[in-house]
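Chemist: The structure is given below, and queries will be raised subsequently.
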Amino acid sequence: MYRPHDPVIACGAQAVLVPTIGVSTVTTSQDPIRSRPIQINQIPWVEGASGMRTRPIWEDPATDRKAHIVEFEPGAHMPLHRHAGHELIYLIEGSLTDEFGTIRPGNIAYRPDGCVHSNTSPNGALALAIIAGGNEPATEIGDAPGSQIFVPEDLPWVKTPRGTYTKRIVANEAADWAVAINRFPSRAGIPLHRHHGDELIFVIEGASVDEAGSITPGNMSYRPNGTEHSVKTELGATVFGVVWGSTEPL
């Protein structure tokens, strides 16, 4: 949600809104575009309805994309609603159930544009939500598309030419984004490259290091459109990532 005290930071061709707390900022438009480490615990909670509260992490008004950490109290329930845009959920703790199944820690749920569902968390949950668009109340599911559940542990690792491993989860070619779990063995990395589009990563284990610093488990990095950086790990890392657009080597 937009708040007047949040800084708008120029990133390539678009303006990106980030929280004041927990994210490094840019001082002038002449500075090189760098990735932005996000220290999740430094971002304050915002109380919400239906037994939920959120940490607003990132928002891009130009594309109506946003990312939140969402905490569900035991018994929290979000009534039937329709998504006007896409939603991705990476479950960190607990469980979250809708009409199409239950996600558990490490699982990913994808709610496509037009999806109608409700959410219930019997014992509480903590989730990373990446959203494009909003939602509105609904009275019935009808023939609306359902939410989809992905269990990464059931998918094989695919080795990449650079020596890392990936599990491609879901992609939307029309919206030009893709979701993957990526694993970096010790001392593996990605050479210098430029982003043509945004990227968000959440570190599951290990540490992901680039020119802006080290991202440790439970924290995130935002790579704006135009970011130039490399990635390395000393002891290995596993990350959940959402990429819009593409990258090119430098």
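Nothing in this text is a laboratory measurement; each read-out follows from the coordinates by a stated rule. Given the structure is predicted, the values throughout are model-derived calculations rather than measurements. Note that each Cβ is placed from the backbone with ideal geometry, even for glycine, and that neighbours are counted across all protein chains shown.
Chemist: Counting other Cβ atoms within 10 Å of each Cβ, which trypsin sites (Lys or Arg not before Pro) in region 99-183 have at most 13 and sit in a DSSP loop? Please report the intermediate quantities before stating the final value.
Modeler: Numbers: sites: Lys159, Arg162, Lys167, Arg168, Arg183; in loops: Arg162.
Passing sites in region 99-183 are Arg162.
Chemist: So which aspartates and glutamates can Lys232 reach, going by Cα to Cα under 20 Å and dropping same-chain residues fewer than 8 places off?
Modeler: Candidates past the 8-residue exclusion: Asp198, Glu199, Glu205, Asp210, Glu211, Glu248.
Chemist: Between Gly189, Gly146, Gly48, where does the largest GNM mean-square fluctuation fall for the chain, given springs only between Cα atoms within less than 10 Å?
Modeler: Looking only at Gly189, Gly146, Gly48, the largest GNM fluctuation is found for Gly48.
Chemist: Based on Cβ point charges of +1 for Lys and Arg and -1 for Asp and Glu, what charge dipole magnitude is obtained for the chain about its Cα centre, in debye rounded to the nearest 20? Numbers along the way, then the final one.
Modeler: On the way: 19 positive and 28 negative charges, 146 e Å.
Around 700 debye, computed over the chain.
Chemist: In nm, give the distance between the simple-model label positions of Ile40 and Tyr165, each being 7 Å from the Cα along the Cα-to-Cβ direction.
Modeler: In this crude spin-label approximation the distance works out to 2.2 nm.
Chemist: I'd like the FRET efficiency for Ser50 and Asp143, computed as 1/(1 + (r/R0)^6) with the beta carbon distance as r and R0 of 30 Å, rounded to 0.05. Let's see the in-between values first.
Modeler: On the way: r = 26 Å, r/R0 = 0.86.
Once the sixth-power term is evaluated, E becomes 0.70.
Chemist: Which whole number in µm²/s is D for region 48-187 by Stokes-Einstein, with the Kirkwood Rh taken over Cα pairs at 20 °C and 1.002 mPa s? Before the final figure, lay out the partial values.
Modeler: Details: Rh = 16.0 Å.
Roughly 134 µm²/s, to the nearest whole number.
Chemist: For the chain, state the semi-axes of the equivalent ellipsoid (square roots of 5 times the eigenvalues of the alpha-carbon gyration tensor), sorted largest first and rounded to whole angstrom. Please report the intermediate quantities before stating the final value.
Modeler: Working: eigenvalues 163, 92, 60 Å².
Calculated on Cα positions only, the semi-axes equal 29, 21, 17 Å.
Chemist: Now for a different question. Within the chain, which is the longest segment that contains none of the GluC sites (Glu not before Pro) sitting in a DSSP loop with at most 10 other Cβ atoms within 10 Å?
Modeler: On the way: sites that count: Glu140, Glu173.
Here the longest run is 1-139.
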